[in-house]
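Read through the structure below, which is laid out as structure tokens, and then see the notes.
The values are calculated or read from the model by the stated rules, or taken from the named source; none is laboratory data. Remember, it's a predicted structure, so these values are computed and weren't measured experimentally. Every residue, glycine as well, gets a Cβ built from its backbone with ideal geometry; the counts of neighbours run over all protein chains shown. What goes into the accessible areas is simple: the full protein's heavy atoms, side chains included, and nothing from ligands, DNA or RNA. Shrake-Rupley method; radii C 1.70, N 1.55, O 1.52, S 1.80 Å.
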Amino acid sequence: MNKLVRPKYNRMYEVMKVRLGKNISKCVFIILIFNLVQSFIFSFTLSPLMMAGKNGMNFITLIISALCTVFAFFLSFQLLYGINSFFTKTILARKDVMGVFTSGFRDKTKRSNLISGVFTIILILSAAAAATVIYFNRDEIISLASEYFLDENSAAEMISLVKAAGLALVFCAVFFICGILVSIPFLFSWNIVFDDKKISALKALKKSMSLMLPNYFHFIGFVIYSCIKNFVFIVLFFAINMKLSAANSGISNFFSMVVGFFAFTQEYTIIAKSYSSIPVYYYSLLSENGMVKTASQKNENPAQ
């Protein structure tokens, strides 16, 4: 493949701003629904441990809980196919956007199953990498957490809490960083199977890699470019909230709640922009390199 021409950030951002601006209420609603369903799914992963209790916890219980977690990840990625389809149709100015939320489960070709399986395997490997980091650096992590958050007068409960929190923080950081960075090359696979009803899941994953890898950091840069203003607002609202909380009065508490609401809207705007950045970048990249199909052009390709 010849060297791809990279799309311009400002053009892509203008498309995103216009499309999301016209559908922001639907975007927030679909993200809320997704988060609620995802929370409901993952609540069941703890069911084996909760039913076993402290005395009944054993290796078998942990294995069952781990398998439930893997299955929950798989279901979440099936839902993510629907989320990606929703934002793709939003960017392409389609009107039938709300019915795609469960499209991953209704995919008769089963391609979404294989792609969801690949993303699930990536998260499993990320969890293994995080566990390995914890295993080989446990003492250093605990020592660092104790140095910053404990003193000679700390209670035993506080010591245990800080140690556990330090290990959990490092695990989550390694897990999410590895999971996100390794998943990025395959993000276009959802849009590829969305556009091409005949392409296999493996070919879609391979095509996604060929399009994304040469533009890996350019894509990350676009996501940051799109969301940086919202991040600044969140930091600003957080600082204002800290000041208002320190006042500890009825009026300050009221304004703190208002500021918190504005921070909430910025948070969900970042999520919406992150999801929509995938189809925006994908179709813009195809358009810049003359790879847009006629069917896509009829659907109001955002890059044109």
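When you scan the stretch 254-281, how many residues do you find that are of a type outside the set (A, V, I, L, M) and open to solvent by 80 Å² or more (accessible area, probe 1.4 Å)?
5
When the stretch 72-119 is examined, which residues are found to be in a loop (DSSP other than H, G, I, E, B), surrounded by 16 or more Cβ atoms within 10 Å (Cβ to Cβ) and either at pLDDT 90 or above or hydroxyl-bearing (Ser, Thr, Tyr) (or both)?
The one that is in a loop (DSSP other than H, G, I, E, B), surrounded by 16 or more Cβ atoms within 10 Å (Cβ to Cβ) and either at pLDDT 90 or above or hydroxyl-bearing (Ser, Thr, Tyr) (or both): Ser103.
Which of the helices (runs of 4 or more DSSP H) found entirely inside the stretch 122-228 contain at least 2 residues meeting this: open to solvent by 70 Å² or more (accessible area, probe 1.4 Å), under 23 Å from Asn289 (Cβ atoms) and modelled with pLDDT of 90 or more? Walk me through how you get there before you give the answer.
On the way: elements: 156-183, 189-195, 201-212.
In the stretch 122-228, the matching helices (runs of 4 or more DSSP H) lie at 201-212.
Could you tell me whether Phe238 is open to solvent by 80 Å² or more (accessible area, probe 1.4 Å), over 27 Å from Lys22 (Cα atoms) and assigned to a helix (DSSP H, G or I)?
Numbers: open to solvent by 80 Å² or more (accessible area, probe 1.4 Å): yes; over 27 Å from Lys22 (Cα atoms): yes; assigned to a helix (DSSP H, G or I): yes.
Yes.
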